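Below: one structure, written as structure tokens.
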Amino acid sequence: MTAVIGFVSLILVIVAVITSATLGRTMEDQLDVRLKGYSATLKDWVERVPPEAATVDNVLAGKTAQVPGLLFAVSNSASGTSGVILSSTDGELGGSTRNLSSEQIGEISEALSQGGHLATVAIADVGSYRILVSTTDTGVVLVTGLPRDEIQNQLATLLTVIVLATLGGLILLALTTAITIRVGLRPLRAVAATATRVANQPLDRGEVEITERVPASEADPRTETGLVGAALNKLLDHVNDSLSARQRNEERMRQFVADASHELRTPLASIRGYSELSLRALRQAQGPSSEGHGPGAIEGTTTSLERIQAQSLRMTRLVEDLLLLARLDEGRELVYGTVDLAQLALEGVSDAQPTAPDHGWSIEVPDEPVVVVGDAGRLHQVVTNLLANARSHTPPGTEITLSVAREGEEAVLRVHDDGPGIDPAVREELFARFARGDSSRARQTGGTGLGLAIAKAIVEGHHGRIEVSSAPGDTTFAVHLPLSPVVGA
């Protein structure tokens with residue numbers, strides 16, 4: 001309703017402005033026509049008087065006319081400048097006159113100098129006038145003017161009528177619209193009440209069932225308002241089914257994660273324990289008191305047990321990574337404190353250098369500490385994963401640079417390498433879980449495909465973001481972290 005009234009008000013205001021402007025322009029044009037006629041008459045009167053005697057009194061002597069408020073001024077080099085405002089008394093032009101002062105004549109001259117031969121001027125103690133200047137053949141300058149009081153009064157009356165009519169119309173429109181809306185949309189109150197009750201239900205957690213529905217009397221699809229109620233009931237049925245399906249999926253997912261974690265960690269711990277015991281027994285069998293163990297059997301058993309141990313460790317790391325991702329998704333696993341990213345970068349490069357001596361390593365950190373609020377251990381894991389990713393996917397001789405800098409309200413950590421770059425086909429899936437980039441780089445060692453996913457989850461857990469840009473010879477991973485502590489951290 002407010003929008004309708006506002007729109008109608010705008011239309012009425014526009015119509016009023018256009019009407020007033022058009023009427024005012026028309027009345028001004030009519031006034032100019034009259035002014036030009038009086039100017040021609042006065043010019044004829046001035047030409048009948050010798051130029052050296054051309055004064056207002058001499059020109060108007062013996063003349064009669066009905067022109068109330070007429071302004072007449074004459075100026076020449078011989079007699080100077082004089083002017084009067086005339087009023088009619090019983091048809092006599094000279095019945096009553098009012099001489100113009102030098103200040104008033106100065107105001108007229110100033111207006112004419114700015115607006116040409118035709119101008120509008122506000123004369124002190126007189127009012128607003130429309131004036132016209134002309135020159136006779138004998139060189140006498142005369143100024144003719146007519147008052148604009150009538151135009152202003154008519155426009156003021158018109159605007160008053162328009163404002164009063166507009167206010168009355170808007171009040172009537174508001175009352176009519178309010179009554180129409182209240183009566184016409186009364187059946188929708190049941191729909192709104194049902195929607196409100198549903199909106200107040202906690203739908204974001206636990207098992208949810210929506211039992212609220214629009215009453216059947218208000219959900220008749222044969223009427224417009226009933227069609228709204230029927231559509232809302234159909235929507236609520238669909239949402240209720242979707243929430244039930246979501247709840248079942250969440251329960252299955254939680255059960256799967258719990259069962260998988262429990263079933264995998266137990267046998268993996270057993271495999272690791274038995275492999276360590278077997279290796280210890282074989283070492284003892286190789287001693288001086290050992291009997292019945294040939295060197296070949298011992299060597300084969302040792303190799304097999306070492307493989308079992310390596311695979312168990314690899315599977316353990318995989319499970320731990322999956323559990324870490326699950327905890328990070330739930331907002332857990334982060335312990336906040338102050339972390340110096342520059343020191344973290346130095347430690348990361350120191351740890352990475354021995355693992356790839358055939359790569360070039362460099363670091364760029366500012367002189368001042370770059371301190372953020374975060375989990376030091378997890379941020380160190382981000383640095384380690386990014387450096388390991390750059391090392392594993394680039395050939396020997398690649399230069400890897402780790403840099404830390406302040407940029408505005410953020411701390412930025414970048415890992416750059418001049419390797420072959422990332423294949424555009426896998427760039428969109430780079431941070432997905434179990435994503436592999438074997439086809440994009442010269443990969444030397446295999447991984448689980450969780451390193452970048454873990455890095456992304458940790459960074460987002462710190463309310464930051466991780467970005468990548470890559471081209472042949474120029475690949476950069478950039479980690480942006482807020483310098484100021486985030487509320488809730």
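The values are calculated or read from the model by the stated rules, or taken from the named source; none is laboratory data. Predicted, not measured: the structure shown is a model, and the values here were computed from it. As a convention, Cβ positions derive from the backbone with ideal geometry for all residues, glycine included, and neighbour counts pool all protein chains shown. Note: accessible area is taken over every heavy atom of the protein model, side chains too, but ligands, DNA and RNA are not part of it. Shrake-Rupley method; radii C 1.70, N 1.55, O 1.52, S 1.80 Å.
Restricting to helices (runs of 4 or more DSSP H) lying wholly in segment 366-475: which have 1 or more residues that are modelled with pLDDT under 90 and more than 19 Å from ALA352 (Cα to Cα)? So the answer is 424-427, 451-461. Of all residues assigned to segment 254-268, at least one qualifies as being modelled with pLDDT under 75, under 41 Å from the mean Cα position of the chain (by Cα), part of a helix (DSSP H, G or I) and not hydrophobic (A, V, I, L, M, F, W, C). Is one or more of the residues making up segment 208-216 surrounded by 12 or more Cβ atoms within 10 Å (Cβ to Cβ) and not in a loop (DSSP other than H, G, I, E, B)? Within segment 208-216, none of the residues are surrounded by 12 or more Cβ atoms within 10 Å (Cβ to Cβ) and not in a loop (DSSP other than H, G, I, E, B).
Could you please let me know if VAL239 is open to solvent by 70 Å² or more (accessible area, probe 1.4 Å), more than 30 Å from ALA16 (Cβ to Cβ) and either in contact with an Asp or Glu (Cβ under 7 Å, 6 or more places away or on another chain) or part of a helix (DSSP H, G or I) (or both)? In short, no. Right, ALA190: under 30 Å from ALA216 (Cβ atoms) and in contact (Cβ under 8 Å) with a residue 24 or more places away in the chain or not? Considered against the rule, which asks whether it is under 30 Å from ALA216 (Cβ atoms) and in contact (Cβ under 8 Å) with a residue 24 or more places away in the chain, ALA190 comes out as yes. Looking only at segment 314-338, residues that are in contact with a helix residue (DSSP H, G or I) (Cβ under 7 Å, 6 or more places away or on another chain), open to solvent by less than 70 Å² (accessible area, probe 1.4 Å) and either assigned to a helix (DSSP H, G or I) or more than 18 Å from LYS456 (Cβ to Cβ) (or both) come to 9 in all. Here VAL49 clears all of (1) assigned to a helix (DSSP H, G or I); (2) open to solvent by less than 50 Å² (accessible area, probe 1.4 Å) except the condition numbered (1).
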